[in-house]
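Chemist: I'd like to ask some things about the structure below.
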Amino acid sequence: MSIWLEILGIILLVIGTIFCVLPIIPGQILTFGALVLRYFYSTNQSEAFPIIMLVLLVALIVVTILDYVVPAWVVRKKGGSKYGSWGAFIGMLIGIIFTPIGMIAGMMLGAFIGEMIANSDDIEKALRISVMTFFGFLLSVGLKLTYAIACWWLFFTM
């Protein structure tokens with residue numbers, strides 16, 4: 001039975017890593033699921049494994065929250081208004097329906113519309129903030145991939 005659980009764990013790692021890049025479902029949850037499987041069927045786990053799992057669970061929660069917050073935060077950090085931030089967040093939520101491209105386009109369009117509401121005469125700034133939203137998305141993907149890599153490493157070393 002453990003060979004099938006091992007295969008299922010590897011499948012979860014692969015699919016979870018793919019979904020860290022393609023924002024259809026939160027891939028980091030699947031990579032954590034692979035470690036949960038490993039925890040329950042592994043016979044030679046270290047004594048620190050439950051503590052590591054708890055730390056990874058907290059990191060999972062933080063990364064998942066940041067996945068939704070970082071693009072809007074980058075908008076604010078780069079000079080965008082609160083309207084641009086909220087627009088990016090709302091656009092991302094609406095865009096989830098049309099994922100994966102819809103989520104990215106929704107963030108960018110939402111930030112653009114929000115900035116146009118705040119500063120209707122500054123199209124250049126609105127476009128710049130919209131592009132920064134995309135970079136915020138890339139930062140978010142980087143966080144999720146870092147988490148996924150840590151899960152891969154622990155899966156094969158614990």
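Chemist: As a check on your grasp of the helix formula, calculate [θ] at 222 nm for the chain: sum -39500 (n - 2.57) over DSSP H runs of n ≥ 4, divide by the residue count, round to the nearest 500.
Modeler: Calculated mean residue ellipticity at 222 nm is -29000 deg cm²/dmol.
Chemist: Moving on to the next point. What is the angle, in °, between the Cα long axis of helix 2-21 and the longest principal axis of the Cα atoms in the chain? Nearest 10 is fine, range 0 to 90.
Modeler: 10 degrees
Chemist: In whole percent, what relative contact order does segment 1-87 give with Cα contacts below 8 Å and a gap of six or more residues?
Modeler: Normalised by residue count, the contact order of segment 1-87 is 21 percent.
Chemist: Have a look at segment 2-157 and give its Rg and Dmax from the Cα atoms, expressed in angstrom.
Modeler: Radius of gyration, then largest Cα-Cα span, for segment 2-157: 18.5, 65 Å.
Chemist: Could I ask something else about it? Near K125, which lysines are there with a Cα under 21 Å away, not counting those fewer than 8 places off in the same chain?
Modeler: K77, K78, K82
Chemist: Could you give me the ³J(HN,Hα) list for segment 141-158, computed from phi with Karplus coefficients 6.51, -1.76, 1.60 and θ = phi - 60°, whole Hz, x at Gly and Pro?
Modeler: Once θ is set to phi - 60°, the couplings for segment 141-158 become 4, x, 4, 5, 5, 4, 4, 4, 5, 4, 5, 4, 4, 5, 4, 8, 10, 8 Hz.
Chemist: Against the longest principal axis of the chain, how steep is helix 27-41, in degrees 0 to 90 to the nearest 10, with axes from Cα atoms?
Modeler: 10 degrees
Chemist: State, to one decimal in nm, how far the label point of I52 lies from the label point of M158, with both points 7 Å from Cα in the Cβ direction.
Modeler: 0.6 nm
Chemist: Note down the nm distance, to one decimal, between modelled labels 7 Å out along Cα→Cβ at T99 and at K82.
Modeler: 2.9 nm
Chemist: Could you state the angle between the C-alpha long axis of helix 49-77 and the longest principal axis of the C-alpha atoms of the chain, as a value from 0 to 90 degrees rounded to the nearest 10?
Modeler: 10 degrees
Every read-out reported here was derived from the displayed coordinates using simple, explicitly stated rules and does not represent laboratory data. On a predicted model such as this, the values are computed, not experimentally measured, just so you know. Cβ sites come from the backbone with ideal geometry, for glycine too, and all protein chains shown count toward neighbours.
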